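Note sheet for the following structure.
Bear in mind these aren't lab numbers, they're just calculated from the coordinates by the rules spelled out. Being a predicted model, the structure only gives us computed values, none of them experimental. Methodologically, a virtual Cβ is constructed for each residue, glycine included, from the backbone with ideal geometry; neighbour enumeration extends over all protein chains shown.
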Amino acid sequence: MTRILSFSSDDEFAERLESMIEESGYRNRSMFLRDASLHFAEAKQRGELNTMADETVVDGTLVIYYQHDAERRLMHLRHQPSLEVHSYHHNCLSESHTCVDTMQLRASASAIRNAISELSGTEGVDRVSFTAAPMRTVGCC
């Protein structure tokens, strides 16, 4: 069952909202506002990785840009018992002469912070970022 919810805004915000919806690829305002609301509430509830309690278990994607000489360190990281790596992908970006690895993983917030800290301090690693997966109580998986 669906319900109609409405809210008021000034013209400037309404125009910006329509632009955001179009630029993000959403097909309708309702789905955009629903997902934006869930994302906002989740961020307030869980916080960012650097503010999460150490023991909070997080699913997400770790992205590492690096030079080939750092590859051995990444292999070690993929096999750490504190990180549950569900999938791993490697790609060579020929235009930027950089490698990029993505790992879909699950781990405690402290284990992910430690991995990011170790990687960031590794020679040949250019950039490391982590995006936490959204928390939903229902969905496809």
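A compact table of results
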read-out: Loop GluC sites (Glu not before Pro), segment 50-91, which have at most 10 other Cβ atoms in a 10 Å radius of their Cβ (DSSP); value: GLU55
read-out: Charge dipole (segment 1-41, unit charges on Cβ, about Cα centre) - positive-most of ALA36, SER19, SER8; value: ALA36
read-out: Relative contact order [Cα under 8 Å, 6+ residues apart], segment 50-132, whole percent; value: 47 percent
read-out: At most 16 other Cβ within 10 Å, DSSP loop - chymotrypsin sites (Phe, Trp or Tyr not before Pro), segment 17-103; value: TYR26
read-out: Top positive-direction residue, dipole computed over segment 57-141 with Cβ charges, set ALA109, THR122, LEU62; value: ALA109
read-out: Degrees separating the helix 29-46 axis from the principal Cα axis of the chain, which is the longest one; value: 50 degrees
read-out: Calculated SAXS-style log₁₀ I(q)/I(0) at q = 0.14, 0.15 Å⁻¹ - the chain, Debye, Cα scatterers; value: -0.82, -0.89
read-out: HIS79, HIS89 arranged by Cβ crowding within 10 Å, fewest neighbours leading; value: HIS79, HIS89
read-out: For the chain, size of Cβ-based charge dipole, Lys and Arg +1, Asp and Glu -1, in debye; value: 580 debye
read-out: Residue order, fewest to most surrounding Cβ atoms within 10 angstrom, among THR51, THR61; value: THR51, THR61
read-out: Relative exposure of SER108, SER87, SER30, judged by other C-beta atoms within 10 Å (fewest first); value: SER87, SER30, SER108
